[in-house]
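Here the structure comes first, spelled out in structure tokens, and everything after it is commentary.
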Amino acid sequence: MLEEIDLEQIVTIAKEAGKAIMQIYQKDFTVEYKDDNSPLTEADTKANEIIGLALQKLYPNIPILSEENKQTAYETRKNWQYYWCVDPLDGTKEFIKHNGEFTVNIALIHKDTPVLGVVYAPATEEMYKAKKGKGAFKNGQKLPLHVNSHPQKELRIVASKSHLSPETQAFIDALAAEKKEQSNRGSSLKLCMVADGSADIYPRLGPTMEWDTAAADAIVRQSGKMTYQFENMQPLVYNKKNLLNPWFIVK
């Protein structure tokens, strides 16, 4: 199945969604709030529609799990061999703040593992893509772009811009390195920073959903890094009964 997927087609879909997002970004838009109090904009809805229709047309036999769709019951999806895991606009809070740190996330999951991922930041035109066995790339350059040979001397840490929990900060403060440099970024770009080598570690000791991480996690894995569950240091898994991710560390 994976061989049949054209990564460049997924890149094109992400760019189309990004174009629609930017058209809305540059005008006045309204913000609604979902039942869980998370924000929703016209851009989330429009991008979801573009991605959903394009994926259904190209790959009608692969089901889609998207943040903005009604969720499929676990009894049905536990039998999925492959499925798309989509966050049409990751970092809606950053989108509302107009800081440019939001992404389009499209992942292909095989059973419980992300095997293909596209993360596109339309405001900065950063394009990350990866396919199992083919490596990971940022704007056409193979990842990682940087390698830190002395993490015990200098450690570059990235953390969430809008969701930095006290537990995460405590973990960062306890890290052993002679010099620590901490930066904060929005959306799935944090995982991508570890993948490209501009950060060494991204701890997330707080809630995220599977669609928040899936696409960037594929990029992390194909760049030779890993997203680990905090409690047991096993790789993060997908298509769980509860779509909430456990705490995790990308390194």
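The values are calculated or read from the model by the stated rules, or taken from the named source; none is laboratory data. Note that this is a predicted model, so its numbers are computed, not measured. With ideal geometry, Cβ positions are generated from the backbone for all residues, glycine too; neighbour counts draw on all protein chains shown. We work out accessible area using only protein heavy atoms, side chains counted, and drop any ligands, DNA or RNA first. Shrake-Rupley method; radii C 1.70, N 1.55, O 1.52, S 1.80 Å.
Return the pairs, sorted by first residue and then second, in which the second residue is among the acidic types (D, E) and outside any strand (DSSP E or B), the first residue lies in the stretch 104-116 and is touching a residue at least 12 places away in the same chain (Cβ under 8 Å) and crowded, with 24+ Cβ neighbours inside 10 Å, the beta carbons are less than 6 Å apart, and the residues are 6+ apart or on different chains.
Listed by first residue and then by second, the contacts come to P114/D217.
Hey, among the residues in the stretch 137-148 that are touching a residue at least 24 places away in the same chain (Cβ under 8 Å) and not charged (D, E, K, R), which one's surrounded by the most Cβ atoms within 10 Å (Cβ to Cβ)?
So, considering only residues that are touching a residue at least 24 places away in the same chain (Cβ under 8 Å) and not charged (D, E, K, R), the one surrounded by the most Cβ atoms within 10 Å (Cβ to Cβ) is L143.
A199 versus (1) without any contact (Cβ under 8 Å) to a residue 60 or more places away in the chain; (2) surrounded by 21 or more Cβ atoms within 10 Å (Cβ to Cβ); (3) closer than 23 Å to N48 by Cβ: which is the lone unmet condition?
Exception for A199: condition (3).
Using beta carbons and a limit of 8 Å, which pairs, at least six apart or on different chains, have the first residue in the stretch 65-85 and in a helix (DSSP H, G or I) and the second one open to solvent by 50 Å² or more (accessible area, probe 1.4 Å) and at pLDDT 95 or above?
Matching pairs, first to second residue: Y74/K241.
Determine whether L55 is within 20 Å of the chain's Cα centre (by Cα), at pLDDT 95 or above, part of a helix (DSSP H, G or I) and under 19 Å from Y238 (Cβ atoms).
Yes.
Every residue, every condition in (1) among the basic types (K, R); (2) in contact (Cβ under 8 Å) with a residue 24 or more places away in the chain; (3) assigned to a loop (DSSP other than H, G, I, E, B); (4) closer than 23 Å to G100 by Cα, yes or no:
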site: H150; (1), (2), (3), (4): no, no, yes, no
site: R156; (1), (2), (3), (4): yes, yes, no, yes
site: E167; (1), (2), (3), (4): no, yes, no, no
site: F171; (1), (2), (3), (4): no, yes, no, no
site: A177; (1), (2), (3), (4): no, yes, yes, no
site: E181; (1), (2), (3), (4): no, yes, no, yes
site: N184; (1), (2), (3), (4): no, yes, no, yes
site: S187; (1), (2), (3), (4): no, yes, yes, yes
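Would it be correct to say that K93 is under 27 Å from T227 (Cα atoms) and in a helix (DSSP H, G or I)?
yes
How many residues does the stretch 158-192 hold that are surrounded by fewer than 21 Cβ atoms within 10 Å (Cβ to Cβ) and either over 13 Å from V250 (Cβ atoms) or of a type in the set (A, V, I, L, M) (or both)?
Residues that pass the stated criteria total 22.
Output the residues belonging to the stretch 62-92 that are aliphatic (A, V, I, L, M) and surrounded by 24 or more Cβ atoms within 10 Å (Cβ to Cβ).
V86, L89
Please work out which residue is least open to solvent (accessible area, probe 1.4 Å), limiting yourself to the stretch 15-45 and to residues that are under 17 Å from H98 (Cα atoms) and of a type in the set (D, E).
The residue in question is D44.
In the stretch 1-12, what residues are open to solvent by 20 Å² or more (accessible area, probe 1.4 Å), more than 15 Å from H110 (Cβ to Cβ) and assigned to a helix (DSSP H, G or I)?
Residues satisfying the conditions are E8, Q9, T12.
How many residues does the stretch 13-48 hold that are in contact (Cβ under 8 Å) with a residue 12 or more places away in the chain and in a helix (DSSP H, G or I)?
19
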